[in-house]
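Take a look at the structure set out below.
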Amino acid sequence: MAKLNLNRVEMPRQEPKARAKNFNEVAQGYSLEQAMEEAGRCIQCPKRPCVEGCPVVVDIPEFILALREGDMPEAVRILKSKNALPGICGRVCPQETQCEEVCTLAKKDAPVAIGRLERYVADWERANMGEKKAKTNPVKPTGKRVAVVGSGPASLTAAADLARFGHSVTIFEALHIAGGVLMYGIPEFRLPKEIVQAEVEYVASLGAKIELDSVVGKLMTIDELLDSGYDAVFLGTGAGLPMFMNIPGENLNGIYSANEFLTRVNLMKAYKFPEYDTPVKVGKRVAVIGGGNVAMDSARCALRLGADEVYIIYRRSEVEMPARREEVENAKEEGIQFKLLTNPKRFLGNEQNWVVGMECYEMELGEPDESGRRRPVAKPGSEFVIDVDVVVVALGTTPNPLIASTTRGLETSKRGTVVADETTGKTVKDKVWAGGDIVTGAATVISAMGAGKRAAEDIDKYLRS
Ligand SMILES: Cc1cc2nc3c(=O)[nH]c(=O)nc-3n(C[C@H](O)[C@H](O)[C@H](O)COP(=O)(O)OP(=O)(O)OC[C@H]3O[C@@H](n4cnc5c(N)ncnc54)[C@H](O)[C@@H]3O)c2cc1C
């Protein structure tokens, strides 16, 4: 057997000092030589554990082999036959806990950089083939109509597969642009919007129609869609409702939900104000409460918008932080300060009702709670004040209740998520499937895509039966 190459090719990135002042992409992508060298590390093991580790079951060794052999169109074909959004996944998927975690090389040292290679192939396609070339062969139309509600990764994946199966698909999106969190949440410096829109266009090129500015539950209900002739409905409306701490002072001016802050910055392009109309107040000392990807993104946006000091306030330790390790490291390199084992008790305001400070507890970790993580407990008498002029609350989200409250016979959980079968996405309501964050609560792009794929298969089976 050939000797294992354990030297993973590093991803070129903008220098921390420079990137902390701009919204250009941090990770700059492999060159051809770097991609070839990294692809050469894949040992093409017959067990293919990476494929099982991928929720959309991409034929990973095969696309890497085609890349290694220089057959780029074939690498694109293999990748896109399972994944309609490879440029997105190659950038934001947590590969370290999916395909790369189970890579055979990971048992010895660094796994093959599958995500980076996926990104390389997707970017090569955009630069060299145009978005529409990887179209699958035309299929005979089935005459069946499917309404897909929302246009995040769950819906785009379901729509792509349903269109490939020959069904007539219409996506209804509440916002003025398609893409869901990929457009309004994840910042440009991690996921350029041009790439999201290129992949949305690819889904449209497969035959999915996209109706923007269409709030289902207001303009029409799910029952009205079914009555108007749709044969099935897929719900992929995500979890866009922010959670708050419900502590004194939380409605002072200068305290944002991460949803509002990131939507202003990303979707409405506040970072280009006044060229774009939407402003955002950032201030000089910004506290972001939370330890997930949303918190890291908010903190890094605030820094780029000119804050002098940006703190991550997290009630557990770094070990328990749910954010991707790579993004925690990026944030630290850029100068974000981590105040761990710290939890706000109340917010302090001035006479004009603007936030000026935050009284916090020092925390310690007790016994594990139901999530398996050690429970944070406030140390009595440990209160101290941090001066701040803007706070961003990034504590998680739940589904907006609009769909559940306007749809007859849909079952929801105590958390407000829609109840659906884990393997098929079927809800208890006839002709209605659901997947992504609306079912799981806030999760990941690839888990939403996996759910969209499984639901599309089940809808297809139902429509053909
Ligand atoms: C800031 C941020 C950073 C993140 N970073 C990462 C990351 O690095 N890696 C990762 O894997 N995951 C990340 N995530 C999580 C990931 O983006 C989500 O899990 C994923 O987008 C969920 O996909 P979805 O299709 O279920 O819903 P969404 O992406 O939320 O899309 C739902 C869509 O439905 C639309 N909609 C809602 N209600 C209606 C209605 N009534 N009618 C019509 N349309 C409606 C919404 O406008 C939206 O466009 C991040 C999330 C955030 C907020």
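So the values come out like this:
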{"read-out": "Extreme residue, positive dipole direction of the chain, given options Val393, Met296, Gly249 (C-beta unit charges)", "value": "Met296"}
{"read-out": "Using alpha carbons only: equivalent-ellipsoid semi-axes of the stretch 319-383, gyration tensor based, whole Å", "value": "25, 21, 10"}
{"read-out": "Value of relative contact order over the chain, rounded to a whole percent, pairs C-alpha under 8 Å and six or more apart", "value": "16"}
{"read-out": "Exceeding the 22 Å Cα-Cα cut-off - candidates Lys284/Lys339; Lys345/Lys414; Lys426/Lys453", "value": "Lys345/Lys414"}
{"read-out": "Cα gyration tensor shape of the stretch 270-374, rounded if a/c is under 1.5, else prolate or oblate by comparing a/b with b/c", "value": "oblate"}
{"read-out": "Eligible lysines near Lys107 by straight Cα distance, threshold 22 Å, same-chain separation 8 or greater", "value": "Lys3, Lys47"}
{"read-out": "Binned Cα-Cα distances of the stretch 366-424, short to long, each 5 Å bin given as a whole percent", "value": "4, 11, 12, 12, 16, 13, 12, 9, 7, 4, 0"}
{"read-out": "Accessible area expressed per residue, the stretch 197-277, with surrounding protein chains retained (probe 1.4 Å, Å²)", "value": "46"}
{"read-out": "Highest-first arrangement of 410-421, 430-441, 390-401, where packing means the average Cβ count within 10 Å", "value": "430-441, 390-401, 410-421"}
{"read-out": "Per residue accessible area in Å² of the stretch 5-99, where ligands, DNA and RNA are left out and the probe is 1.4 Å", "value": "45"}
{"read-out": "Carbon and sulfur %, accessible surface of the stretch 121-272 computed with the full protein complex present, 1.4 Å", "value": "52"}
{"read-out": "DSSP-assigned coil residues among trypsin sites (Lys or Arg not before Pro) in the stretch 84-125, each with at most 14 further Cβ atoms within 10 Å", "value": "Lys108"}
{"read-out": "Cα gyration tensor, the chain - rounded (a/c under 1.5), prolate or oblate", "value": "oblate"}
{"read-out": "Cβ charges +1 (Lys, Arg) and -1 (Asp, Glu), total dipole of the stretch 71-176, debye", "value": "480"}
{"read-out": "Reciprocal of mean inverse Cα separation for the stretch 323-465 (Kirkwood radius, Å)", "value": "19.2"}
{"read-out": "Carbon plus sulfur fraction of accessible area for the stretch 1-56, probe 1.4 Å, in percent", "value": "54"}
{"read-out": "Residue among Thr104, Pro86, Ile114 farthest towards the positive dipole end of the stretch 78-117, charges placed on Cβ", "value": "Pro86"}
{"read-out": "Heavy-atom accessible area order for Cys45, Cys89, largest first, 1.4 Å probe", "value": "Cys45, Cys89"}
{"read-out": "Order by protection proxy (mean Cβ within 10 Å, highest first), peptides 59-66, 122-129", "value": "59-66, 122-129"}
{"read-out": "Percent antiparallel among DSSP beta bridges (both partners in the stretch 205-351, rounded to 5)", "value": "0"}
{"read-out": "Bridge type composition, the chain - antiparallel percent by DSSP, nearest 5", "value": "40"}
{"read-out": "About the Cα centre, charge dipole magnitude for the chain (Lys/Arg +1, Asp/Glu -1 at Cβ), debye", "value": "520"}
{"read-out": "Amide hydrogen neighbours beyond the local backbone of Lys345, cut-off 5 Å, H modeled", "value": "Glu359, Cys360, Tyr361"}
{"read-out": "Relative contact order for the stretch 14-110, counting Cα pairs under 8 Å that sit 6 or more residues apart, in percent", "value": "26"}
{"read-out": "Solvent-accessible area, 1.4 Å probe, carbon plus sulfur percent, for the stretch 341-381", "value": "45"}
{"read-out": "Loop sites in the stretch 30-71: trypsin sites (Lys or Arg not before Pro), DSSP, at most 10 other Cβ within 10 Å", "value": "Lys47"}
{"read-out": "The stretch 300-411 - accessible surface per residue (Å², probe 1.4 Å)", "value": "48"}
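The values are calculated or read from the model by the stated rules, or taken from the named source; none is laboratory data. The structure presented is a predicted model; accordingly, all values stated were derived computationally and were not measured. So basically every Cβ, Gly included, is an ideal-geometry build from the backbone, and we count neighbours across all protein chains shown. We work out accessible area using only protein heavy atoms, side chains counted, and drop any ligands, DNA or RNA first. Shrake-Rupley method; radii C 1.70, N 1.55, O 1.52, S 1.80 Å.
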